[in-house]
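Student: Structure in structure tokens, see below.
The values are calculated or read from the model by the stated rules, or taken from the named source; none is laboratory data. Since we're looking at a predicted model, the values are computed, not measured. Cβ: placed from backbone, ideal geometry, glycine included. Neighbour counts: every protein chain shown. For accessibility, only protein heavy atoms count, side chains too; no ligands or nucleic acids. Shrake-Rupley method; radii C 1.70, N 1.55, O 1.52, S 1.80 Å.
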Amino acid sequence: MPAAQAMSALLLAMSADRPRLRVDVMPERFLSTVRGGIEAWEAAVASFDAGGEATAALPTVEALFEPDTAIARAAAAAEDSVRFGVGKPIDKLVVGLVKVHRELVKANRRPVAMVRKAAVMERRATSRWRGAEGRKGVLVDRDLQLEETRVEVRSLLDDARAVADLMHRWRAQPVA
């Protein structure tokens with residue numbers, strides 16, 4: 001299930017508790033993690049468009065959408081509370097946000113693998129054992145791989161933007 005669908009279902013389920021949940025910091029942390037991932041992928045794609053190398057972009061995009069340690073600790077505590085049946089509405093929201101995080105991380109794996117493949121091609125192109133034609137061929141293949149990566153990233157970013165927009169609208173909606 002795409003992350004936007006999971007987020008929509010979560011926010012619909014939590015709509016009755018929305019006034020109490022708006023003041024918690026976890027939704028804002030989640031939103032900043034998603035927005036940071038979007039910005040990092042946009043910067044990586046802009047770098048590819050400008051002729052940048054995949055090896056330079058790889059470290060920044062490998063662990064995108066992963067929750068930081070504070071979110072991970074809060075998520076573990078919330079999962080325990082919900083599992084034992086004593087979860088508050090915020091715990092249920094955090095557990096749902098963890099599921100959305102997992103969907104985003106899963107969707108991020110394919111473009112990251114494509115960037116890794118392009119980085120390997122770049123290393124092969126620098127091999128001194130390849131002739132000039134071999135280097136050109138590998139670089140053409142790398143450019144094609146980066147183009148496929150752009151397409152894959154575009155769909156990932158559409159989903160991530162939808163998640164961020166849903167969360168932002170949910171938090172900004174006036175309390176009745």
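Student: Condition first: open to solvent by 30 Å² or more (accessible area, probe 1.4 Å), of a type outside the set (A, V, I, L, M) and within 30 Å of A164 (Cβ to Cβ). Now tell me which residues in the range 103-142 satisfy that.
Tutor: Result: E103, K106, R109, R110, R116, K117.
Student: Being more than 20 Å from T149 (Cα to Cα) and either loosely packed, with under 14 Cβ neighbours inside 10 Å or at pLDDT below 90 (or both) is true for just one of D49, D91. Which residue is that?
Tutor: D91
Student: Moving to a separate point now. Determine if the range 72-81 includes at least one residue that is of a type in the set (K, R) and open to solvent by 50 Å² or more (accessible area, probe 1.4 Å).
Tutor: Yes.
Table: residues versus (1) modelled with pLDDT under 90; (2) farther than 27 Å from V25 by Cα; (3) basic (K, R).
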position: R83; (1), (2), (3): yes, no, yes
position: R109; (1), (2), (3): no, yes, yes
position: V115; (1), (2), (3): no, yes, no
position: S127; (1), (2), (3): yes, yes, no
position: G137; (1), (2), (3): yes, yes, no
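Student: Shifting gears a bit: Being outside any helix (DSSP H, G or I) and surrounded by 18 or more Cβ atoms within 10 Å (Cβ to Cβ) narrows it down to one of L97, L64, L11, so name that one. Can you show your working first?
Tutor: Numbers: L97 fails: outside any helix (DSSP H, G or I); L11 fails: outside any helix (DSSP H, G or I).
Going through L97, L64, L11 in turn, the sole match is L64.
Student: In addition: Given the residues R171, R154, which is the only one that is modelled with pLDDT of 90 or more, of a type in the set (K, R) and either in a helix (DSSP H, G or I) or crowded, with 19+ Cβ neighbours inside 10 Å (or both)?
Tutor: Residue meeting the stated conditions: R154.
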